[in-house]
Amino acid sequence: MANVTREEGHLLVAAIRVLGHREERAPKPEEVAQLLGMPPELARLQLTALAEAGVVALVESAFDTHVEIRDHRRLEELAENSQSRALEADLAEFGRRKEEEADRMSRLFASGDHERRQEERLRKMEDELRDFRKKKPRSPFGDGD
């Protein structure tokens, strides 16, 4: 179970209330993360911890998952400090690396470099095949060399 501090729990519950009031429906975990400016993975992890503590409920339907407040009084049972800041930093670093990789891949395909490399490989294979066909096959009996 992920550790959620009392302060983080209050912040998440407040975000759920604000979004519920603004959108007139229970918010999705991604919306809570966006409102709080945190990585969606961290928000989902913390909301899962709050669900395990009985503070909120993650309601899954066929189309999406939304968050509902169950018992806000249980927030007072949470610890006052946690190591979740380190987890948040790790998740942010992971997200940054994932975006860099996606950018690198999109640049590779957008620049045409991928197509050029593939054409070079095909041309090289074609040349090797042509050279192979030009060579006279050796006799399996060893005569005529």
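The values are calculated or read from the model by the stated rules, or taken from the named source; none is laboratory data. Everything numeric in this text was worked out from a predicted model, so none of it was measured. Every residue, glycine among them, receives a Cβ derived from its backbone with ideal geometry; neighbour counts consider all protein chains shown.
All conditions in (1) touching a strand residue (DSSP E or B) at 6+ places or on another chain (Cβ under 7 Å); (2) under 13 Å from LEU12 (Cβ atoms); (3) not charged (D, E, K, R) hold for THR65, with the sole exception of (2). Of all residues in the range 98-145, those being of a type in the set (A, V, I, L, M, F, W, C) and within 26 Å of the chain's Cα centre (by Cα) number 5.
Could we say that ALA79 is at pLDDT below 90 and either touching a helix residue (DSSP H, G or I) at 6+ places or on another chain (Cβ under 6 Å) or in a helix (DSSP H, G or I) (or both) here? Taking the combined requirement at face value, the residue does not satisfy it. With respect to (1) of a type outside the set (A, V, I, L, M); (2) under 20 Å from ILE16 (Cβ atoms); (3) in a helix (DSSP H, G or I); (4) modelled with pLDDT of 90 or more, the lone exception for ARG74 is condition (4). Here the condition is being buried (at least 16 other Cβ atoms within 10 Å of the Cβ), out of contact with any Leu (no Cβ under 8 Å at 6 or more places or on another chain) and part of a helix (DSSP H, G or I); of ALA89, ALA43, ALA49, ALA33, it holds for ALA49 alone. Among the residues of the range 16-30, those that are crowded, with 19+ Cβ neighbours inside 10 Å and in a helix (DSSP H, G or I) comprise ILE16, LEU19, PRO29.
For (1) in the same structural domain as VAL59 (by TED's automatic domain parsing); (2) more than 17 Å from ALA92 (Cα to Cα); (3) in contact (Cβ under 8 Å) with a residue 12 or more places away in the chain, each residue gets a yes or a no:
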{"site": "ALA14", "(1), (2), (3)": "yes, yes, no"}
{"site": "VAL18", "(1), (2), (3)": "yes, yes, yes"}
{"site": "GLU23", "(1), (2), (3)": "yes, yes, no"}
{"site": "VAL32", "(1), (2), (3)": "yes, no, yes"}
{"site": "LEU36", "(1), (2), (3)": "yes, no, yes"}
{"site": "ALA43", "(1), (2), (3)": "yes, no, yes"}
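With the structure loaded, tell me whether VAL18 is among the aliphatic types (A, V, I, L, M) and out of contact with any helix residue (DSSP H, G or I) (no Cβ under 6 Å at 6 or more places or on another chain) or whether it fails that test. Yes: the conditions hold for VAL18.
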